[in-house]
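Report on one structure; see the data block that follows.
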Amino acid sequence: MPSLELQFNLPGVTYLDGEGGTPPPDYPGQFFVAQENWLAVAAVERFLEPDPPGTLALFGPPGTGKTHLLDILEREFQRRNPEAVTLRQNAAEFGQAVAEALANRRHRAFRKTWQAASLVILDDLQFLVEYPAGQEECVVMLQAAERGSPRVAVASRVRPWHITDLDDRVGEILVGGLTAPLALPGVSVRKALFQGAFRRHGFLLTDAAADLLARELPLSPRQILGFAQEAAHNLGERHVDYALAQSLVRTHNKRALVSMEQIARATARYFHIPLKRLRGPGREREEVLARDIAMYLSQKLAKRTLKEIGRYFGGRDHTTVGHGCRKVEELATTDMAVREALLVIEELLGVT
């Protein structure tokens, strides 16, 4: 099989094979990719070619490197096309700019800014739902991209065509272009990143310790850097073996726990319902879904028993709680709205 370097050639990207590759000694600024994200990098490379499809959509949960990959796209596009104009905004900034342009009767001038660009990048596309005029302008821009100019790249937490309250035309256009999911690094990549991060601070991880950290801590590359930095500050031993790694995992997990109260409040906020209703006896469809999600997250993140969760959520029987948790777990594999709710609530709680 040809080497990955022969298959891909995108500056700023380091490829790791199925065994984790060679642990990097210093990786800030690099986008590390193994099999789970090869498709996304291939899509970016295709988008940089002379005659690509007009749109690119990257999607995945927080921490998977969407913004980092957009940085690489923007930098490489400018290197290859030094005279070209690029426009990059967060989708919320784009929506706000459209609203202000309309209010100040400068909409035509605003449209000329993106029409003059060769590449437009919109990050966090899900935030565009708050701006109806911004969605309409985005549709016009994507229609122009279909005709050949500008190229438009977007990133979002979920597939754009599954973003609740986003104009259907946005998703319909994007699904016809380049699309690729991004996932958190797999175990083999995390192992290499843990080893590289600890080595930056003069620490050596045994192979068993690195395996344990990679299996037990599904963190993003940035979080792994922070974890290693904190551990290096607190550890006296320069040699991290399996037992010491176990201690680090226990400390991390204990600190990572959130309370049921925090989970309930974040869930109520996401679904726009009062906390009292979330914990109450209501049986409206939205209330039931929100409560089941809050109970599921209480089991997953707060590590509470079914009996404790039932007691907090209105004195429910533990079998009822278990049924609700299993239902959410099943829905998360098939229902994008449920998956999006879980991702956003976890982000609100700061655990992603």
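The values are calculated or read from the model by the stated rules, or taken from the named source; none is laboratory data. It should be emphasised that the depicted structure is a prediction, and the values quoted were computed from it without experimental measurement. Glycine gets a Cβ as well: all are built from the backbone with ideal geometry, and neighbour counts include every protein chain shown. Keep in mind that these areas ignore ligands, DNA and RNA; they rest on the heavy atoms of the full protein, side chains included. Shrake-Rupley method; radii C 1.70, N 1.55, O 1.52, S 1.80 Å.
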Practice prompt. Could you look through region 60-82, keep only residues that are at pLDDT 95 or above and outside any helix (DSSP H, G or I), and pick out the one that is least open to solvent (accessible area, probe 1.4 Å)?
Written response: N81
Response to the item:
Filtering region 66-95 down to residues that are among the small types (G, A, S) and either in contact with a strand residue (DSSP E or B) (Cβ under 6 Å, 6 or more places away or on another chain) or free of Cβ contacts under 8 Å to residues at least 40 places away in the same chain (or both) yields A84, A91, A92
Worksheet entry | Count - residues of region 233-288 that are open to solvent by 60 Å² or more (accessible area, probe 1.4 Å), in a loop (DSSP other than H, G, I, E, B) and touching a residue at least 40 places away in the same chain (Cβ under 8 Å) | 1
Worksheet item: Name the pairs: first residue in region 200-221 and among the acidic types (D, E), second residue assigned to a helix (DSSP H, G or I) and modelled with pLDDT under 95, Cβ to Cβ under 6 Å, at least 6 apart or on different chains?
Response: E216/V249
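If the requirement is being surrounded by 15 or more Cβ atoms within 10 Å (Cβ to Cβ), part of a strand (DSSP E or B) and of a type in the set (D, E, K, R), which of these qualifies: R111, R88? Before you say what the answer is, go through the steps one by one.
On the way: R111 fails: part of a strand (DSSP E or B).
Answer to the selection: R88.
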Worksheet, complete the sentence: In the set E136, E146, the lone residue that is of a type in the set (D, E), part of a helix (DSSP H, G or I) and in contact (Cβ under 8 Å) with a residue 60 or more places away in the chain is E146
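For region 145-172, which positions are over 20 Å from R111 (Cβ atoms) and not β-branched (V, I, T)? Full working, then the answer.
Let us first name the residues in region 145-172 that are over 20 Å from R111 (Cβ atoms), namely 155-166, 168, 171-172.
Passing the criteria: A155, S156, R157, R159, P160, W161, H162, D165, L166, D168, G171, E172.
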Item to complete: With the condition kept exactly as written, say whether any residue in region 265-281 is modelled with pLDDT under 90, of a type in the set (A, V, I, L, M, F, W, C) and more than 26 Å from T64 (Cα to Cα).
Response: no
Response to the item:
Within region 318-341, residues open to solvent by 20 Å² or more (accessible area, probe 1.4 Å) and closer than 19 Å to M260 by Cβ come out as H318, T319, T320, H323, R326, K327, E329
Fill in: Residues (closer than 19 Å to F77 by Cβ, at pLDDT 60 or above, under 22 Å from the mean Cα position of the chain (by Cα) and among the small types (G, A, S)) located in region 1-59
G12, A40, A42, A43, A57
